[in-house]
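Visitor: Here's a structure for you.
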2 protein chains.
Amino acid sequence: MNLTILFGGASFEHEISIVSAITLMQKLSNFNLNFIFCDTDHQFYIIDKKDMKAKTFSSGAYKKMPTLSLSQGAFNQKTMFSKTQYRYVVLNLIHGADGEDGTIAALLDFYSIKYIGPRVSASVFSYDKRYTKWFCAAKNIKCLEYEILNSNEHKNISIKYPIIIKPARLGSSIGVSIVKDESELDYALDTAYEFDNSVIVEPFIENVKEYNLAGYMADGEIKFSIIEEPQKENFLDFEKKYMDFSRSESVLKANISTELEQKLKNSFTKVYKNMFEGALIRCDFFVVNDEVLLNEINPIPGSMANYLFEDFLGVIKSLSSSLSEPKRIKVNYEYIHSINSAKGK
Amino acid sequence: MNLTILFGGASFEHEISIVSAITLMQKLSNFNLNFIFCDTDHQFYIIDKKDMKAKTFSSGAYKKMPTLSLSQGAFNQKTMFSKTQYRYVVLNLIHGADGEDGTIAALLDFYSIKYIGPRVSASVFSYDKRYTKWFCAAKNIKCLEYEILNSNEHKNISIKYPIIIKPARLGSSIGVSIVKDESELDYALDTAYEFDNSVIVEPFIENVKEYNLAGYMADGEIKFSIIEEPQKENFLDFEKKYMDFSRSESVLKANISTELEQKLKNSFTKVYKNMFEGALIRCDFFVVNDEVLLNEINPIPGSMANYLFEDFLGVIKSLSSSLSEPKRIKVNYEYIHSINSAKGK
C-alpha cells in the first residue's frame, strides 16, 4: 500500500510530529511510504527515507531536499524537465497548530487529496479546549466543569483549588500547570498566556482514574483499540510526553469491568459519530465516582496510538479504504442564463 | 487602496458570488481592484475588469484567462519569462461552501495572505446551522428552538406546525421549505436532503418582525451599520435572494425604539466578539414578544451588505487596516538537540 506521511508544521508541537513520523516509519515499514515535511515557513519538502532522522530537521539539512507544490489531487515535485506527482492517501501527522486546527484539512480538501485525519469542523471542536466543552454540552457528553479566562480581563475563579490551568489551544501539556492555591495562580497564568490569550481552568483531581481509548470508523462501524490505563505521574510534562510520541510497544489492556469498558466505548461513540469520520482519534477519559468524563480528544494522537492496536497495519489499511471520495459541486449557470435571457442578452 | 476580490467557489452559491463581485466592482470603483475567480475545479484565474460580467463565467470564457497559483504571501501569475504577484489584502467574497465553511480561510492563513472574512473557527460556527445553535447555547445568545434530522434515520418532530426546514449547511434559502402540516413534510424533507444529509427544523412564525444588522471590528471597537427591517415575503426564495445579492442602493433605517436598537446591538456584540474579528458580518434577528432572537449569521453577506453602510469605502478601508498580521511560530529544535546530546550525538 502507498501512503504519504505529512508531518512538521508551524506549531509548538513541530518536533513531536517529527518523532511521531520516525516512529511510524518503523511501525508501517511494510507499506510503500513517502514522507512530506512541512517546515515552519509552510514550505513542503519530500524527504528520502534514509534522511528520516531528527538531525535532518534540527540541522536544517532538509532545506536541500526537493520542494513540492500542491495541485488538484497531488503534491508535485518539479525539476527542469520532469514532474513527479505524489497522489497517495495522506496520513496527516502534524500535531497541534496547522495539523489539528483545520488548516491542513482544508488545504487537502481544497486540493481533493484524500487523507486520514480530522475534517475542518472536527478539528475546530477538538483543537480548542473551549469548543470541546461546547461540543460536549451539545452532544450530552460528560466532562469536567470549567471556566475560561482571557489575558485582557481580570476574572475571579470560582472552581475550588487545586485547579489545572491549560492554554485553550495547545496539546502535549505545553503551558499546563497544576495550581494548589491562589499564591501559585499568577505564575501559572503567565505561563499559560505565553501560549494563548485564552486559558481553561478545571478542577484538578489527584490520583484520578484515567483511561485512553482510540478508534476509527471503517466499513460503517466504529473499531476500537484496547483500553489503556496510562501509567503516569500527576500529569505528563512536555519532555515526558515528547518521549511518549515515540511509543511503539504494545501495552497491556486495562483491568476493568465489562460495564466500565462499555461506558467508555459509548462515550467514545458519542464523540466520534457524525464528526470525526476519516480520522483515527484517541479519547482520554477520567472516571470519577463511577462516571465517565471526557478529558481530551486527540484527533491526531502521538504516533497514531499505534501501541493500542494489535494489527496497526490493518487499521491504517481499512481506514484508508473507507475514506469518502472528494465531492465537487457542479454549477450550470442556470440563474445567470435565466436572468440574461430575461434581459434579452 | 489595493484590494483583491476573491469570488466563485465550488458551491451552490457560486453564481450569487459572481453577482456580489460585480456589485462590489461598482461600489468600490475608487479602489484599485483585482478580481480573482475560483472555478468549481478550484482553479484560480485573474479576471480583467472589462471581463467582469456574468457572461464571462456562464459561457466558460474565463478559462482563457491567466491562471494563478499560491505561494507565501501572494497569488502568482506566471508567464514564460516573468511572474506577476498579487500581494494585496483579499476580500473573501465566496458565499457558501469553500468561502464560508473555513476552506478559503485556512488556505489564506496557510499562505499568510491577509483577508477580510471569517477565520476558520468562525466559519465553522456560522456555516453549519447546527453549530450556530451550539454557539448560541455556549454564548448565551437567544435563538429559536430547533431539532436536527438526519437522512439516514427516522425521527418524529416534536416542534408544533407550521415549521421551517433548512439544510444544515446552505445559505441563500436553497432547499428551504415552510411546512404547514404533516402532509407536506416528506416532500420538504426530500427537497432539503438533496443538499445536505442533515436538516434543521424550527418553528415558523408568520409575520415575525425581522431586523438585519451588519458590523465589523476596527480600531478595537465594533462599528455598526444601520438596522434594516427587510421588506419581504414569508421568506425569500432563491431567485429573489439572488437579486438581493446585487443590492447597492442605500436603505431606510428601521423605525424602532432606542431600547430595541440597543438590544439588537448587544446581541450582535455577543456574536461577534472573540469570534468574527477580521470579518464584516450581517446578523439577521427575529423579535418575538419583545425578545431578540438570532436567526442567522452571514459571515460573508451578499455584496458585503454595502447598502447598510453610509460610507462603504471607509468601512472596507478601516477593516483592511485593522487586520492582524499573520503569526508564525518559530521552532528552535531544543528538544531534539537535548535528546541527541543525551544520546551523545
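The values are calculated or read from the model by the stated rules, or taken from the named source; none is laboratory data. Keep in mind the model is a prediction, meaning the values are calculated, not measured. Every residue, glycine as well, gets a Cβ built from its backbone with ideal geometry; the counts of neighbours run over all protein chains shown.
Okay, residues lined up against (1) in the same structural domain as A:Asn289 (by TED's automatic domain parsing); (2) surrounded by 21 or more Cβ atoms within 10 Å (Cβ to Cβ); (3) under 24 Å from B:Leu107 (Cα atoms):
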{"position": "A:Tyr131", "(1), (2), (3)": "yes, yes, yes"}
{"position": "A:Phe135", "(1), (2), (3)": "yes, yes, no"}
{"position": "A:Ser151", "(1), (2), (3)": "no, no, no"}
{"position": "A:His154", "(1), (2), (3)": "no, no, no"}
{"position": "A:Ile159", "(1), (2), (3)": "no, no, no"}
{"position": "A:Pro162", "(1), (2), (3)": "no, no, no"}
{"position": "A:Ile165", "(1), (2), (3)": "no, yes, no"}
{"position": "A:Arg169", "(1), (2), (3)": "no, yes, yes"}
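Visitor: Please tell me if A:Tyr62 is in contact with a strand residue (DSSP E or B) (Cβ under 6 Å, 6 or more places away or on another chain) and within 14 Å of chain B (Cβ to nearest Cβ). Lay out the reasoning, then the answer.
Guide: Details: in contact with a strand residue (DSSP E or B) (Cβ under 6 Å, 6 or more places away or on another chain): yes; within 14 Å of chain B (Cβ to nearest Cβ): yes.
When the stated conditions are applied, A:Tyr62 passes them.
Visitor: Restricting to the stretch A:300-345, give me the number of residues that are within 14 Å of another protein chain (Cβ to nearest Cβ) and either touching a Gly at 6+ places or on another chain (Cβ under 8 Å) or of a type in the set (S, T, N, Q) (or both).
Guide: Qualifying residue count, the stretch A:300-345: 5.
Visitor: Let me ask another. Determine which member of the set B:Ser71, B:Ser11, B:Ser17 is among the polar types (S, T, N, Q) and more than 23 Å from A:Ile104 (Cα to Cα). Please lay out each step first, then the result.
Guide: Numbers: B:Ser71 fails: more than 23 Å from A:Ile104 (Cα to Cα); B:Ser11 fails: more than 23 Å from A:Ile104 (Cα to Cα).
None of the other options fit; the residue is B:Ser17.
Visitor: If I go through the stretch A:152-181 residue by residue, how many of them are basic (Lys, Arg), in contact with an Asp or Glu (Cβ under 9 Å, 6 or more places away or on another chain), part of a loop (DSSP other than H, G, I, E, B) and free of Cβ contacts under 8 Å to residues at least 60 places away in the same chain?
Guide: Kept after step one, since they are basic (Lys, Arg), are these residues of the stretch A:152-181: A:155, A:160, A:166, A:169, A:180.
With in contact with an Asp or Glu (Cβ under 9 Å, 6 or more places away or on another chain) added as a condition, the list becomes A:155, A:166, A:169.
If we keep only those that are part of a loop (DSSP other than H, G, I, E, B) too, we end up with A:155, A:169.
Then drop every residue that is not free of Cβ contacts under 8 Å to residues at least 60 places away in the same chain, which leaves A:155.
Result for the stretch A:152-181: 1.
Visitor: Taking the criterion of being modelled with pLDDT under 95, outside any strand (DSSP E or B) and within 13 Å of another protein chain (Cβ to nearest Cβ), would at least one residue in the stretch A:107-123 satisfy it? Steps first, please.
Guide: Quick first cut of the stretch A:107-123, residues modelled with pLDDT under 95 only: none.
Scanning the stretch A:107-123, I find no residue that is modelled with pLDDT under 95, outside any strand (DSSP E or B) and within 13 Å of another protein chain (Cβ to nearest Cβ), so the answer is no.
Visitor: Continuing with this model, one more query. When you check B:Ile159 against the structure, is it more than 14 Å from every other protein chain (Cβ to nearest Cβ) and of a type in the set (A, V, I, L, M, F, W, C), yes or no?
Guide: Yes, satisfied.
Here's the yes/no breakdown for (1) under 30 Å from A:Phe44 (Cβ atoms); (2) surrounded by fewer than 15 Cβ atoms within 10 Å (Cβ to Cβ); (3) without any contact (Cβ under 8 Å) to a residue 12 or more places away in the chain:
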| site | (1), (2), (3) |
| --- | --- |
| B:Phe7 | yes, no, no |
| B:Ile36 | yes, no, no |
| B:His42 | yes, no, no |
| B:Tyr45 | yes, no, no |
| B:Lys49 | no, yes, no |
| B:Lys83 | yes, yes, yes |
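Visitor: Would you list the strands (runs of 3 or more DSSP E) that sit entirely within the stretch A:1-96 and hold 1 or more residues that are on the phi > 0 side of the Ramachandran plot? I'd like the intermediate steps shown before the answer.
Guide: Values: elements: A:2-8, A:32-38, A:44-47, A:67-71, A:74-78, A:83-86, A:90-92.
Counting at least 1 such residues, we get A:2-8.
Visitor: Only helices (runs of 4 or more DSSP H) wholly contained in the stretch B:247-345 count here; list those with 1 or more residues that are under 30 Å from A:Phe195 (Cα atoms) and within 23 Å of the chain's Cα centre (by Cα). Let's see the steps before the verdict.
Guide: Details: elements: B:258-272, B:312-321, B:334-342.
Ranges flagged: B:258-272, B:312-321.
Visitor: Please state which one of A:Ile46, A:Ile5 is under 26 Å from A:Asn298 (Cβ atoms) and β-branched (Val, Ile, Thr). Break it down into steps so the answer makes sense when it comes.
Guide: On the way: A:Ile46 fails: under 26 Å from A:Asn298 (Cβ atoms).
Just one listed residue meets the conditions, A:Ile5.
Visitor: Here are the criteria: (1) at pLDDT 95 or above; (2) more than 28 Å from B:Ile5 (Cβ to Cβ). Tell me which single one B:Asn332 does not satisfy.
Guide: Only one criterion in (1) at pLDDT 95 or above; (2) more than 28 Å from B:Ile5 (Cβ to Cβ) is unmet by B:Asn332, namely (1).
Visitor: Quick check on the stretch A:280-339: of everything there that is of a type in the set (Val, Ile, Thr) and touching a helix residue (DSSP H, G or I) at 6+ places or on another chain (Cβ under 6 Å), which residue is surrounded by the fewest Cβ atoms within 10 Å (Cβ to Cβ)? Walk me through it before giving the result.
Guide: Initial filter on the stretch A:280-339 (of a type in the set (Val, Ile, Thr)): A:281, A:287-288, A:292, A:297, A:300, A:315-316, A:329, A:331, A:336, A:339.
Imposing the further condition that a residue be touching a helix residue (DSSP H, G or I) at 6+ places or on another chain (Cβ under 6 Å) reduces the set to A:292, A:297, A:331, A:336.
On the way: A:Val292: 22, A:Ile297: 28, A:Val331: 20, A:Ile336: 23.
Applying the filter and picking the extreme gives A:Val331.
Visitor: Can I ask one more? Considering the stretch B:99-112 alone, what residues qualify as being more than 23 Å from B:Asn197 (Cβ to Cβ) and either in the same structural domain as B:Phe268 (by TED's automatic domain parsing) or out of contact with any Leu (no Cβ under 8 Å at 6 or more places or on another chain) (or both)?
Guide: Selection gives B:Ala105, B:Leu108, B:Asp109, B:Ser112.
Visitor: Follow-up. Which residues, taken from the stretch B:9-33, are more than 10 Å from chain A (Cβ to nearest Cβ) and either surrounded by fewer than 24 Cβ atoms within 10 Å (Cβ to Cβ) or over 19 Å from B:Tyr115 (Cα atoms) (or both)?
Guide: B:Ile22, B:Thr23, B:Met25, B:Gln26, B:Lys27, B:Leu28, B:Ser29, B:Asn30, B:Phe31, B:Asn32, B:Leu33
Visitor: Consider the stretch A:78-106. How many of its residues are polar (S, T, N, Q) and within 14 Å of another protein chain (Cβ to nearest Cβ)?
Guide: The initial filter retains those residues of the stretch A:78-106 that are polar (S, T, N, Q), namely A:79, A:82, A:84-85, A:92, A:103.
If we keep only those that are within 14 Å of another protein chain (Cβ to nearest Cβ) too, we end up with A:92, A:103.
Count: 2.
Visitor: With the requirement that a residue be in contact (Cβ under 8 Å) with a residue 40 or more places away in the chain and among the hydrophobic types (A, V, I, L, M, F, W, C), what does the stretch A:136-151 give you? If you could, list the steps in order and put the result at the bottom.
Guide: The initial filter retains those residues of the stretch A:136-151 that are in contact (Cβ under 8 Å) with a residue 40 or more places away in the chain, namely A:136, A:139-151.
Matches in the stretch A:136-151: A:Cys136, A:Ile141, A:Cys143, A:Leu144, A:Ile148, A:Leu149.
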